[in-house]
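Taking it in order: structure first as structure tokens, then the write-up.
The values are calculated or read from the model by the stated rules, or taken from the named source; none is laboratory data. In this text the structure is predicted, and so the values were computed from the model without any measurement. Note that each Cβ is placed from the backbone with ideal geometry, even for glycine, and that neighbours are counted across all protein chains shown. All accessible areas refer to the heavy atoms of the entire protein, side chains included, with ligands and DNA or RNA removed. Shrake-Rupley method; radii C 1.70, N 1.55, O 1.52, S 1.80 Å.
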Amino acid sequence: MTAEPLAFGPDFLWGVSTSAYQIEGAVTEDGRGPSTWDTFCAEPGRIANGDTGEVACDHYHRYAEDVGLMKELGVDVYRFSFSWPRVQPTGKGLANGAGLDFYDRLIDSLLAAGIKPAPTLFHWDTPQELEDAGGWLNRDITYRFADYAKILAERFSDRVPMWMTINEPMVLTLIGYAVGGHAPGKQLGFEALPVAHHQLLAHGRAVQALRAGGASNIGIASNHSPTYPASDSAEDVEAAGLYDNLINWMFVDPILLGEYPNGIGDGMPGPVAEDLKIISTPIDWFGLNHYAPARVGAPTGNPDIAATDGIPIPEGLPFEPRAFEGVEKTDFGWPIVPDAFGEILRTFQTRYGDKLPPIYITENGCAINDGPVDGVVNDQRRIDYLDAYLRSLKSAIGDGVDVRGYFQWSLLDNFEWSVGYTQRFGLIHVDYETLERTPKASYHWYRDLIAKQRP
């Protein structure tokens, strides 16, 4: 039986996403300062195969080629991130003119190609000098971030129709500061909670600074998925509930409801009530990143590393991620559960009701590592994944969830953080030796899907 064609309507926005450190390269060129990821990559044993983002996809020099590939793809919008240390090498003070000039060139090229630029201000590349001063544990960074947002708004708001403040604050909090698998590599456990609060406060201050600088249509890109208890036992259900609050709702409730869930705010620094007024500054839309659900149980002392991308979990946490059994997995080992996509969207609708602004899916995709054979990359498993997840998304829209656009992750194979270049999420294959770009079968499938949505 042939599946019904995927139809989202002519006003639905189609895009692709990337981030600066994962694709730009040129880490020491034109005045860019060092970031925490440059430092982290230089530490032996941190990154698979000793890989770094020093060159990555060399998008800094090859952006025109990449914009041409996006134009051929037919996307409406391109989500990228500004590199904070390229714009402000130390994270404070005057902007770096050469860095701003690069983003001028990129934005103007996108507009000339008929593609809307949709930048994210921060995708984890904290200027190293700010990290040396305490990083996201130091409340001062929220003011520095607002200054940075103001610089960007004043330079680009005349040409940028859509803005995002921070990408996935949960990941920097949990993996960067709590368990140490990402930069800056700290293992603070629950002592990392101030990182979450300061990112949320920085988000609120940035929304205000962007608007003061003339920007509009502002959101955040935050990752969310259903959390399933490992069993029906009271212990597993309680552990999964705590995990759900910390991973999902701690990063949404303050923004949309002006409060932390289940007393979590009691562990946060600063004048929390006053901060929440800033954090809950109204946004125009909410960006939801989704890849896979989580399965969580009470601690056993023998955590399943397969469920954590191979990142060791510190002892003493009151929950443990567990692997999914009996489901297909991506090449990264992430479970493929399309129904979870629609489920998290319906949960958002139920939880927030009329306080939920329109949603954009700011990331969704999978690691499928097929390479070229006779010049062709036949990544049919990615096509199957995208088709299934888009059908789940369409079902949620049919149930009344207001989703207005979808950004596929990612345009290009790229530097995938702690696993280096071992996992390929791109619609376009990148040969990391020659930097040659080869559109995959999924690129052509996505191009055809987008074309079919046009009136």
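Residues in segment 43-58 that are assigned to a loop (DSSP other than H, G, I, E, B), closer than 26 Å to ILE428 by Cβ, open to solvent by 10 Å² or more (accessible area, probe 1.4 Å) and of a type outside the set (Ser, Thr, Tyr): ILE47, ASP51, GLU54, VAL55, ASP58.
Here is a yes/no grid of residues against (1) closer than 19 Å to ILE336 by Cα; (2) in contact with a Phe, Trp or Tyr (Cβ under 6 Å, 6 or more places away or on another chain); (3) open to solvent by 30 Å² or more (accessible area, probe 1.4 Å); (4) assigned to a loop (DSSP other than H, G, I, E, B):
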{"site": "ALA367", "(1), (2), (3), (4)": "yes, yes, no, yes"}
{"site": "ILE383", "(1), (2), (3), (4)": "yes, yes, no, no"}
{"site": "TYR389", "(1), (2), (3), (4)": "yes, yes, no, no"}
{"site": "ILE397", "(1), (2), (3), (4)": "no, no, yes, no"}
{"site": "PHE407", "(1), (2), (3), (4)": "yes, no, no, no"}
{"site": "TYR432", "(1), (2), (3), (4)": "no, yes, yes, yes"}
{"site": "ALA451", "(1), (2), (3), (4)": "no, no, yes, no"}
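Scan segment 149-200 for residues that are within 14 Å of the chain's Cα centre (by Cα) and β-branched (Val, Ile, Thr) and the total you get is 5.
Only one entry in ASP232, ASP236 is farther than 22 Å from ASN364 by Cα, in contact (Cβ under 8 Å) with a residue 40 or more places away in the chain and of a type in the set (Asp, Glu), namely ASP236. Within segment 241-270, the set of residues being within 19 Å of LEU288 (Cβ to Cβ) and acidic (Asp, Glu) comprises ASP244, ASP253. Report yes if some residue within segment 350-363 is in a helix (DSSP H, G or I) and surrounded by 21 or more Cβ atoms within 10 Å (Cβ to Cβ); otherwise report no. No, the conditions are met nowhere in segment 350-363.
Please indicate, with yes or no, whether at least one residue in segment 413-427 is surrounded by fewer than 17 Cβ atoms within 10 Å (Cβ to Cβ), of a type outside the set (Ser, Thr, Tyr) and not in a helix (DSSP H, G or I). Looking through segment 413-427, none of the residues is surrounded by fewer than 17 Cβ atoms within 10 Å (Cβ to Cβ), of a type outside the set (Ser, Thr, Tyr) and not in a helix (DSSP H, G or I). For segment 85-94, state whether one or more residues are of a type in the set (Ser, Thr, Tyr) and either assigned to a helix (DSSP H, G or I) or crowded, with 20+ Cβ neighbours inside 10 Å (or both). No. In segment 1-42, the qualifying residues are those that are open to solvent by 60 Å² or more (accessible area, probe 1.4 Å) and under 26 Å from LEU435 (Cβ atoms), and the one that is nearest to the chain's Cα centre (by Cα) is PRO34.
A single member of TRP417, TRP409 is of a type outside the set (Ser, Thr, Tyr) and touching a His at 6+ places or on another chain (Cβ under 7 Å), and it is TRP417. Restricting attention to segment 182-191 and to residues that are touching a Gly at 6+ places or on another chain (Cβ under 7 Å) and among the small types (Gly, Ala, Ser), the residue that is modelled with the lowest pLDDT turns out to be GLY189.
Name the pairs whose Cβ atoms lie under 7 Å apart, with the first residue in segment 250-278 and over 18 Å from ALA206 (Cα atoms) and among the β-branched types (Val, Ile, Thr), the second modelled with pLDDT of 95 or more and open to solvent by 20 Å² or more (accessible area, probe 1.4 Å), and 6 or more positions between them or separate chains? Pairs found: ILE264/ASN245.
Being at pLDDT 95 or above, within 21 Å of the chain's Cα centre (by Cα) and surrounded by fewer than 23 Cβ atoms within 10 Å (Cβ to Cβ) holds for only one residue in ALA133, ALA146, and it is ALA146.
State whether the residues of segment 305-328 include one that is of a type in the set (Asp, Glu), assigned to a loop (DSSP other than H, G, I, E, B) and modelled with pLDDT of 95 or more. Scanning segment 305-328, I find at least one residue that is of a type in the set (Asp, Glu), assigned to a loop (DSSP other than H, G, I, E, B) and modelled with pLDDT of 95 or more, so the answer is yes.
The helices (runs of 4 or more DSSP H) found wholly in segment 192-272 and carrying at least 3 residues that are in contact with a Gly (Cβ under 9 Å, 6 or more places away or on another chain) and open to solvent by less than 10 Å² (accessible area, probe 1.4 Å) occupy 193-212. In segment 125-137, the residues that are on the phi > 0 side of the Ramachandran plot reach residues that are part of a helix (DSSP H, G or I) with C-beta atoms within less than 7 angstrom, at least six apart or across chains, in these pairs: GLY135/ILE141.
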